[in-house]
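The values are calculated or read from the model by the stated rules, or taken from the named source; none is laboratory data. What you see is a predicted model, and the numbers here were worked out from it, not measured in a lab. Methodologically, a virtual Cβ is constructed for each residue, glycine included, from the backbone with ideal geometry; neighbour enumeration extends over all protein chains shown.
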C-alpha cells in the first residue's frame, strides 16, 4: 500500500485554482479578479507547501492523498507524489502566485486571470500525476490557454500548433507502443524513441525549439513564462522515458541536450529583444537540467534535480524582474542602454541576483547544484563536463550584458515615480530569501535531492523490486522505500 | 582558554567581519533603509579594523608559538557521504595566507578611508561600499582558502565586484562596456578554474590543498601527483591566473579597468585583484615543481607579460594606464619568480609592489597639483617644461613603438579571431531560425524585428 498523507493536499491544490478559474471568469471588475486570483493562488501555495511538509514527515518514496476520491471511484492511484514531484508542486504554485502578484494594472487587460488559474490547476495535476496516459492528456490540455491567448491577440499560431501537435502525436503513439513489461532492462526501442522525441520537443530541444521563441514573441510575457518555466517537458521525460530507457539511450539524450544548452547560450548572446533573450537563457538552463537527468548517475541526477529547483526559483525571479521592467517601459530592445537603475534599483538588484543565481554563482541557491551537475557530467564523459562549464560561462556573460543594457546608460528623467509596488517588493524579498537562504544552507536541499536521485535510479532498475519489472503507472502497488 | 580555541575564535572573526559587513549593507539596501555616509563608513571601518586586528593577532600568536600552519575547520558545508562528495569549508593561516590577508585588510582599509572622501556625496556612494564589502569578503576568502572550492568561491566574488566597479560610472557606455569586457575575461578564467578544481577533485578525491600539495606547511609541500595530470591541472590554473592578473593574452582589460573610480582602480588593478592570479600560482606552487614543462610555461608567460607591460607602459599618455601596464610588468616578473621556484621572493615582491602601486594610484588624480605645490615650494619651474627635439628612429623602433601604442593588438586579435567569428556564427543561426519560423508562419514571424532601439520613451508608455 502506498502511504497516505494526513490531508488531501493534492486534491485541494488542484481544485482550488480550478474553482477559482470559474469564479474569476465571471468577474467583470479586473481589480477584483486580480485580488481574488492572488488569494486563491496563495491558498493553493499553502496547500502545495502543506503537501511537501506532510510528505517529508512520512519519510517515504511516494504517497497519495488521505481521502483520495479518484482512487475511491476508479480504484487507481492517479494522484501520487514521490520524491521527484513533491518539491515541484510548491515551486509551481509559487510561480503562479508571484506572476499574478507582479501583474501591474497596465497589463491587467491583456493578462487573463481565469485562464492562468486554469493552467495552474492543470499544471499541478500534471505534477501530481504518475499515470502516463493522464500525464499526456494533461500536457495536451495545458496547450489550450496559450493557444486561445494567441488567437485572441490575433497572432499566427502555426509555429506553436505545428510543434506542439507533433509533440503530442509522438507521445501518444510512443505510449501506445509501450508494453506492460517494458523497463530499462527490456526497453521498447521505438516506443522509447517516439516518447523521447515528443517530450524533447516539449522541452525545446534543438533544432525543434523555435516554438518557444515564437511563443515569447507573440504571447504575453506572463503566459509564456508560466507555460515554459515549470519545465513540463523535462517532467514528461522523467515520467515517460526515464523508467523504460536504457542507460546508453539516456546518455545519448544528454549529449543532445548539451548541444542545445551550448547553442542556446550562444544564441542568448546575440539577441536584441529581451523576451527572446530570456527564452534562450531559459532554454540553455533547462537543457542543462536534462543533461544531468539523463546522466543516470546518482551525482549527476542529484545535481540536475538541485538545478531544476534552483533555476525554477532564479529564472522565475529573473523573468518577473524583466516583466516588471517591461510593464514600465514597454518591450525592451537590448540594442541600446536604457539607464533604468536609478528609477528601479530594487528590480536591478533582483535582476542581477537572480541572473547570477541561475548560473550557479557562489553563495546562491544554484552553486552546489551546478557543481554536482558538472561533477556528474565529468564522471561520465569529461568533455561533457567541459561543455557544461562553457555553457555556464556563456550564460554568465549574457546575464551581466543584459543587466548592463537594461539598467545602465544615460539616465531617464521620469515625470512620475517608477518605483516598485508593494507586491513587487514582497516578491523580491521572497526571492532573495530563497536564493540566498538556499545558497548559504544548501545541505538539506542537496541531501534530499540526492536521496530522490538514488530512489529514482533504484526504482528504474528491476533489481530494486526483487527482480520484478517496475514501471510506475503500470504497477500501481510497487514496492516503496 | 586553549591556544587552539583562541586561534579559532580569531580566525572566525577574520572571515566573519567582511561577511557580516556585506550582509548588513546588503540587507539594509534591500529593505530600503537610507544609510547616511557616516553610518556606512562607520560600519565599513568597524568591519575592516576588526578583521585586521584579528588577523594581526593570529600573526603575532603564530610568531610567538612558532606555529607555521593553523587550520580553521568549519566542517563540511555540503556532504554526500554515499557518493564521497564533500564541500569542505576550511581556512588556513600559514606563511602565504597571513601576509596576504593582512595586506588585503591594510590596503582595503586605506582605500576605504580614501574613497570615503573621494566619493563624498557621489550618487553611487552606497553602491561603491556594497561592492567594496563584496570584494573584501572575496579577497579574505580567497587568501585563507584551505580547499580549492573555497578559493573558487572567493575568486568569483572578487571577479563580480571588480567588473561592477569598472562599470561604476554607469551612465556612460564606455565604463559599462569595459566592465562587461572585464567580466567576460573573468568568466573564461573562472571556467578554467572550475574545470581545474573538478579535475583535482577527481584526482585526489577531495579539494583539500593538503591532499594535493602535501601535508608540510607552505612552501615546503610536495605534490603527490604524476607529471601528466600536474601539467593538465597546472595549465588550467595558469589560464585562470592569466585571466585574473591580466597577463598576455588577456592584458587588454587592464587599461579598460581604469575607467572605474580611482579608489577601486588602486585596490583592485594596482594592488590586490591583479595579484590574485599570482597568489593562486604561489598556493599551488608544489604542483609546478612536479612538471618541468609547466614551469617553462609559467616562466614563458611571465616573461612575455613583463616585456609587453614594460613596452606598453612607456607609450601610455595617461597616468592610470601607465601605472596599469607598469603593474603588469611586475606581475610578469613575479610569475617568472614563481616559475623559478623563488617563492618567498615572489611573496615579498607581491606585497611590496601592491603597497607601492596603491600609493601611486591614489596620488594619480592629484599628481599635477602635487607638481605645482612642489614648484611653489621650490620657487622655480621643475623639469618637464622643455619640448624635446625630434630624433631619428630606426624602422624597428617605430614598429616597436606602434606595437606598444596599439597594446600589442591583443584586444583586436581576440575580437577578430574569437569574438566576431563566434557572434557571426550565432547571428547566422539566428537568420536560419527566422527563415524557418517565417516559412512555418507563412509570413513575417518576428514582432521584435520591428522594435525600435530607442522606442521606449518612459513618458509615452506611462
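Every residue in segment A:328-349 that is assigned to a helix (DSSP H, G or I) and at the interface with chain B (Cβ under 9 Å from one of its Cβ atoms), please. Please lay out each step first, then the result.
Step one: filter segment A:328-349 for residues assigned to a helix (DSSP H, G or I), giving A:328-329, A:345-349.
Those that are assigned to a helix (DSSP H, G or I) and at the interface with chain B (Cβ under 9 Å from one of its Cβ atoms): A:328, A:329, A:345, A:346, A:349.
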- When (1) surrounded by 24 or more Cβ atoms within 10 Å (Cβ to Cβ); (2) free of Cβ contacts under 8 Å to residues at least 60 places away in the same chain; (3) at negative phi are applied to residue A:352, the one that fails is (1)
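Taking the criterion of being within 14 Å of chain A (Cβ to nearest Cβ), assigned to a helix (DSSP H, G or I) and surrounded by fewer than 24 Cβ atoms within 10 Å (Cβ to Cβ), would at least one residue in segment B:107-126 satisfy it?
Taking segment B:107-126 first, the residues within 14 Å of chain A (Cβ to nearest Cβ) are B:122-126.
From what is left, the residues that are assigned to a helix (DSSP H, G or I) are B:125-126.
Of the ones still in play, those that are also surrounded by fewer than 24 Cβ atoms within 10 Å (Cβ to Cβ) are B:125-126.
Taking every residue of segment B:107-126 in turn, at least one turns out to be within 14 Å of chain A (Cβ to nearest Cβ), assigned to a helix (DSSP H, G or I) and surrounded by fewer than 24 Cβ atoms within 10 Å (Cβ to Cβ).
Out of A:257, A:286, which single residue is within 22 Å of residue A:403 (Cβ to Cβ) and surrounded by 22 or more Cβ atoms within 10 Å (Cβ to Cβ)? Don't jump to the end; show me each part of the working.
Values: A:257 fails: within 22 Å of residue A:403 (Cβ to Cβ).
Exactly one residue qualifies, and that residue is A:286.
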- Message: Of everything in segment A:395-439, what is more than 24 Å from residue A:281 (Cβ to Cβ) and more than 9 Å from every other protein chain (Cβ to nearest Cβ)? Give them in sequence order.
- Response: A:417, A:419, A:421, A:422, A:423, A:426
- Yes or no: residue B:153 part of a helix (DSSP H, G or I), over 26 Å from residue B:345 (Cβ atoms) and touching a residue at least 60 places away in the same chain (Cβ under 8 Å)? no
- Count of residues meeting criterion [modelled with pLDDT under 90 and assigned to a helix (DSSP H, G or I)] in segment A:398-423: 2
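If you scan segment A:378-394, which residues turn out to be more than 9 Å from chain B (Cβ to nearest Cβ) and either part of a helix (DSSP H, G or I) or surrounded by 24 or more Cβ atoms within 10 Å (Cβ to Cβ) (or both)? It would help to see each step written out before you state the result.
From segment A:378-394, those more than 9 Å from chain B (Cβ to nearest Cβ) are A:380-381, A:383-384, A:387-388, A:391; that's our starting set.
Answer for segment A:378-394, where residues must be more than 9 Å from chain B (Cβ to nearest Cβ) and either part of a helix (DSSP H, G or I) or surrounded by 24 or more Cβ atoms within 10 Å (Cβ to Cβ) (or both): A:380, A:383, A:384, A:387, A:388, A:391.
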- Cross-chain or 6+ apart pairs with Cβ under 6 Å, segment A:18-31 first and more than 23 Å from residue A:123 (Cα to Cα), then modelled with pLDDT under 90 and surrounded by 14 or more Cβ atoms within 10 Å (Cβ to Cβ): A:30/A:108
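Each row is one residue, and each column tells you yes or no for (1) surrounded by 15 or more Cβ atoms within 10 Å (Cβ to Cβ); (2) assigned to a strand (DSSP E or B); (3) away from chain A (no Cβ under 14 Å).
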{"residue": "B:49", "(1), (2), (3)": "no, no, yes"}
{"residue": "B:54", "(1), (2), (3)": "yes, no, yes"}
{"residue": "B:60", "(1), (2), (3)": "no, no, yes"}
{"residue": "B:63", "(1), (2), (3)": "no, no, yes"}
{"residue": "B:72", "(1), (2), (3)": "yes, yes, yes"}
{"residue": "B:75", "(1), (2), (3)": "no, yes, no"}
{"residue": "B:79", "(1), (2), (3)": "yes, yes, no"}
{"residue": "B:88", "(1), (2), (3)": "yes, yes, no"}
- Task: With the checklist (1) at pLDDT 85 or above; (2) more than 8 Å from every other protein chain (Cβ to nearest Cβ); (3) over 40 Å from the mean Cα position of the chain (by Cα); (4) closer than 30 Å to residue A:339 by Cβ in hand, flag the one item residue B:450 doesn't pass.
- Result: (1)
- Query: Among the numbered criteria (1) assigned to a loop (DSSP other than H, G, I, E, B); (2) farther than 21 Å from residue B:221 by Cα, which single criterion is violated by residue B:102?
  - Reply: (1)
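Among the listed residues A:64, A:6, A:114, which satisfies the condition of being outside the structural domain of residue A:227 (by TED's automatic domain parsing), within 21 Å of the chain's Cα centre (by Cα) and more than 30 Å from residue A:435 (Cβ to Cβ)?
Working: A:64 fails: within 21 Å of the chain's Cα centre (by Cα); A:6 fails: within 21 Å of the chain's Cα centre (by Cα).
None of the others qualify; the one that does is A:114.
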- Return a yes/no flag: does segment B:210-229 have any residue that is more than 19 Å from the chain's Cα centre (by Cα), within 14 Å of chain A (Cβ to nearest Cβ), surrounded by fewer than 21 Cβ atoms within 10 Å (Cβ to Cβ) and in a helix (DSSP H, G or I). yes
- Note on the structure: Every listed condition ((1) modelled with pLDDT of 75 or more; (2) more than 10 Å from chain A (Cβ to nearest Cβ); (3) part of a loop (DSSP other than H, G, I, E, B)) holds for residue B:206 save (1)
- Inspect segment A:66-76 for any residue being surrounded by 18 or more Cβ atoms within 10 Å (Cβ to Cβ), in contact with a helix residue (DSSP H, G or I) (Cβ under 7 Å, 6 or more places away or on another chain) and not in a strand (DSSP E or B) and give the result as yes or no. no
- In segment A:300-311, which residues are crowded, with 24+ Cβ neighbours inside 10 Å and modelled with pLDDT of 90 or more? A:301, A:302, A:303, A:304, A:305, A:306, A:307, A:308, A:310, A:311
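For every residue, the table says whether it meets (1) part of a loop (DSSP other than H, G, I, E, B); (2) assigned by TED's automatic domain parsing to the domain that holds residue A:272; (3) farther than 25 Å from residue A:322 by Cα.
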site	(1), (2), (3)
A:145	no, no, no
A:151	no, no, no
A:168	no, no, yes
A:182	yes, no, yes
A:191	no, no, yes
A:212	no, no, no
